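Participant: Sharing a structure below in structure tokens format, with a few things to ask.
The values are calculated or read from the model by the stated rules, or taken from the named source; none is laboratory data. Here the structure is a predicted model, which is why all the values come from computation and not from measurement. FYI the Cβ positions are ideal-geometry reconstructions off the backbone, even for glycines, and counts take in every protein chain you see.
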Amino acid sequence: MSQPSEDAGDVSYVSVLTTPTLVAMMLSVFVVMFGYEIPAPILTSIAEGLAVSDAQIGLIMTAFAVPGVLFLPVTGVAADLYGRKAVLVPSLVGFGIAGTAIGLTDSFVVVLALRVVQGTAFAGILPISVVVLGDTFKGARGSAAQGFRTSAAGAATLVVPPAAGFLAGFGWAFAFGLHLLVFAVAAIVLLFVPETVESTETGPGIFETMRSYAVTIKTELKDRQLGILVAGGFVRGFVRLAFLTFIPLFAVRAFDASLVEAGLVLSARGVARVLFPPLSGIVTGRFSRRFGVIGALLIIGASAAAMPFSPSILWIGLILFGYAVGDSFFSPLLKDAVANHAPDERRAGVINAFFVFQNSGEMVAPAFFGAVLAVIGFTGVFFTMAAVVAVYIAAVVVFFASG
């Protein structure tokens, strides 16, 4: 997890932030976060509008996460074989179409189907943005670039949940109209982002090539340190979606919060995720990724353990802000470590494997923690999250003795 010596201690934030490629990737990340940030604060409104129960409505989040497990390997291989933009632009367009269409139906089954389409498109957007930045920036500049990318996600978590809550006041379907912004971002990527890899001849055929490629990626992941880093994706997805799904429910059920208040609670993450991720470049340059990752995990675990003791909605927001500070460092540092540890010619495949693990965590979290909630309540949900984080901290300490 040690950083490359090249450019390790010198980060020119202005030169990084003004790169058209970074700006376009930040916009891509901002709009793809609609997949999480629009439905999460208005799940109760969607449930009432579609006449489904609280237990069923969690499937909206699960349906979005499942396709990533299936299609992330495909988009990773395609991005390495055919180029990053060949995957990214069509994925943005498909994501925008499906998201907009959700607001035009009153069928829960159709909504779930469109969420599956969105999740499939997501597999070609968020991970590919990490890949493009990994291609473009190295060393501390790479950590800073990934940090700015995470800040864009933070901006989405800051403004989208309350906006969705406000629009849902006129009807839950109105919130999904925000997806129209996705088409503008797709045009920006198409026009202003240079391709970072050459298209590669597939030889005997795409399916045989993908099968051979998958075997190679599996071999790469046998590297113990790379395997631990990639497994960190599961931990982050598992814990993050648990926060995203159950914090609004906790606020509404325990403190009778309104939809707007639930959205504002979720937006507390956004402040931290806008301010802190770019500082990950400084952490890498002055200390190490390992130092930053362990410190970030300690903050995340402590926040989860403290959540059930919240005496008010305000405290829920403050503790969630603490979680977001930890995640603001954990996310870019972990992704940058994976990007730097992976070989250049298979970077997209390795990073997409990371996102497979992350989406797997997101896929199982709602059902798993829903069962925990039914048996031992919200306290059990948050303590279980803290325990998972503690186990991963131990793995990082054991397998990354230095660097």
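Participant: Do you know which residues across segment 179-188 are in contact (Cβ under 8 Å) with a residue 60 or more places away in the chain and surrounded by fewer than 22 Cβ atoms within 10 Å (Cβ to Cβ)? If you could, list the steps in order and put the result at the bottom.
Facilitator: Restricting attention to segment 179-188, the residues satisfying the condition of being in contact (Cβ under 8 Å) with a residue 60 or more places away in the chain are 179-183, 185-186, 188.
Answer for segment 179-188, where residues must be in contact (Cβ under 8 Å) with a residue 60 or more places away in the chain and surrounded by fewer than 22 Cβ atoms within 10 Å (Cβ to Cβ): Leu180, Leu181, Phe183, Ile188.
Participant: Which of the residues belonging to segment 58-73 are closer than 18 Å to Ala339 by Cα and surrounded by fewer than 23 Cβ atoms within 10 Å (Cβ to Cβ)?
Facilitator: Here is the first cut: in segment 58-73, the ones closer than 18 Å to Ala339 by Cα are 72-73.
Answer for segment 58-73, where residues must be closer than 18 Å to Ala339 by Cα and surrounded by fewer than 23 Cβ atoms within 10 Å (Cβ to Cβ): just Pro73.
Participant: Would you check if there is a residue in segment 393-402 being out of contact with any strand residue (DSSP E or B) (no Cβ under 8 Å at 6 or more places or on another chain), of a type outside the set (A, V, I, L, M, F, W, C), under 30 Å from Val132 (Cα atoms) and outside any helix (DSSP H, G or I)?
Facilitator: Yes, segment 393-402 contains a residue that is out of contact with any strand residue (DSSP E or B) (no Cβ under 8 Å at 6 or more places or on another chain), of a type outside the set (A, V, I, L, M, F, W, C), under 30 Å from Val132 (Cα atoms) and outside any helix (DSSP H, G or I).
Participant: Which one of Thr200, Thr157, Thr196, Thr150 is modelled with pLDDT under 85, over 16 Å from the mean Cα position of the chain (by Cα) and surrounded by 15 or more Cβ atoms within 10 Å (Cβ to Cβ)?
Facilitator: Matching residue, one of Thr200, Thr157, Thr196, Thr150: Thr196.
Participant: A follow-up question, please. Mind telling me which of the residues Ala304, Ala371 ends up being within 23 Å of Gly58 (Cβ to Cβ) and either at pLDDT 90 or above or of a type in the set (S, T, N, Q) (or both)?
Facilitator: Checking each option against the conditions leaves just Ala304.
Participant: Here's another thing I want to ask about it. (1) in contact with a helix residue (DSSP H, G or I) (Cβ under 8 Å, 6 or more places away or on another chain); (2) over 23 Å from Ala153 (Cα atoms): which one isn't true of Pro311, the others all being true?
Facilitator: The failed condition is (1).
Participant: Let me ask something additional. What are the residue pairs meeting all of these: first residue in segment 37-58, first residue under 19 Å from Gly370 (Cα atoms), second residue aromatic (Phe, Trp, Tyr) and surrounded by fewer than 21 Cβ atoms within 10 Å (Cβ to Cβ), Cβ atoms under 6 Å, and 6 or more apart or on different chains?
Facilitator: Val52/Phe108
Participant: Ok, one more. Looking at segment 73-119 only, could you name the residues that are polar (S, T, N, Q), assigned to a helix (DSSP H, G or I) and either closer than 15 Å to Ala63 by Cβ or touching a strand residue (DSSP E or B) at 6+ places or on another chain (Cβ under 7 Å) (or both)?
Facilitator: Answer for segment 73-119, where residues must be polar (S, T, N, Q), assigned to a helix (DSSP H, G or I) and either closer than 15 Å to Ala63 by Cβ or touching a strand residue (DSSP E or B) at 6+ places or on another chain (Cβ under 7 Å) (or both): just Gln118.
Participant: Listed residues Val265, Val325; which is modelled with pLDDT of 80 or more and under 17 Å from the mean Cα position of the chain (by Cα)?
Facilitator: Result of the check over Val265, Val325: Val325.
Participant: Does Glu362 fit the bill of being modelled with pLDDT of 80 or more and among the acidic types (Asp, Glu)?
Facilitator: Yes.
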